[in-house]
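J.: Have a look at the structure that comes next, please.
Since every read-out is calculated from the coordinates, none of them should be taken as a lab result. None of the values given here were measured: they were computed from a predicted structure. Cβ placement follows ideal geometry from the backbone for every residue including glycine, while neighbour counts extend to all protein chains displayed.
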Amino acid sequence: MTAGEGTGRRRTQQERRGTTIAALVDAAIEVLAEVGYARASVQQVVDRAGLSQGALFRHFATRLDLFAHVAEVVADRQIAEFRSELGDKDGRGVRDFTAILSTVRRITRSRTNMVWHELMFHARTDAELRARMAELSVQYLDAMEELVESIPETQVFPDMIRRALLEFVIGYFTGESIGRQVVPDADADQRQLELLGYIAGVLATEA
């Protein structure tokens with residue numbers, strides 16, 4: 001048995017650091033989803049993570065630094081989920097636009113993505129948070145644009161309108177997801193999904 005093998009191996013400092021940060025991020029996501037940005041406190045996060053405030057501040061200088069990092073992680077997770085669900089894969093049949101849009105809607109309404117929405121909303125009136133979220137938003141859209149290029153069904157759209165379509169779909173489903181938390185309406189969801197699918201089909205036909 002070599003050094004480091006077996007269940008008795010001591011974790012490295014880097015491994016311990018990674019574990020601590022992951023626990024803090026997961027706890028912060030849950031706290032933000034439950035109580036919102038304005039009410040989310042460092043104490044709530046460390047209590048949920050089973051850690052101390054000292055442990056948190058060893059890795060994040062401020063509350064803002066923590067939540068900005070959470071936003072980055074949430075964006076990465078969303079991109080990974082979109083890529084897993086929609087990216088080009090061998091053996092995957094051609095999907096209609098309604099099916100693709102339904103997947104985008106489901107991911108946009110996920111608990112994790114609600115945290116992104118929460119941080120974006122409060123960035124409107126918090127200059128420091130706004131600066132962080134603005135940079136992350138550009139990176140997020142760029143990553144999504146790259147992902148869209150890997151979805152075979154989107155190649156029917158001209159290059160010049162793909163980015164605009166992406167921005168429209170993300171903006172539409174973001175607004176819809178916030179509204180549906182207050183007033184759920186499955187019938188309206190279906191009508192609007194069919195309309196969006198129809199619009200996409202028309203644009204594809206005219207391309």
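J.: With a 10 Å cut-off between alpha carbons and a GNM built on the chain, which of LEU195, LEU86, LEU141 moves the most?
T.: Fluctuation is largest for LEU195.
J.: Another one. Using +1 on the beta carbon of Lys and Arg, -1 on that of Asp and Glu, and nothing else charged, what's the dipole of the range 62-206 about the Cα centre, debye to 20?
T.: Computed charge dipole of the range 62-206: roughly 380 debye.
J.: Now for a different question. Once Rh is set to the Kirkwood radius over Cα pairs, what Stokes-Einstein translational diffusion coefficient, in µm²/s, holds for the chain at a temperature of 20 °C and a viscosity of 1.002 mPa s?
T.: 111 µm²/s
J.: Taking the Cα atoms only, what angle lies between the long axis of helix 159-182 and the longest principal axis of the chain, rounded to 10 degrees?
T.: 70 degrees
J.: If you scale each eigenvalue of the Cα gyration tensor by 5 and take the root, what three semi-axes come out for the range 112-203, rounded to whole angstrom and sorted largest first?
T.: Value: 25, 21, 9 Å, ordered largest first.
J.: Please order LEU119, LEU129 by the number of other Cβ within 10 Å, starting at the fewest.
T.: LEU129, LEU119
J.: On to the next question. Work from the charge dipole of the chain (Cβ charges, +1 for Lys and Arg, -1 for Asp and Glu, about the Cα centre) and give the residue of LEU193, SER137, HIS69 farthest towards its positive end.
T.: Toward the positive end, the furthest listed residue is HIS69.
J.: With charges only on Cβ, +1 for K and R and -1 for D and E, what is the dipole size of the range 138-207 about its Cα centre, in debye, rounded to 20?
T.: In debye, rounded to 20, the range 138-207 gives about 120.
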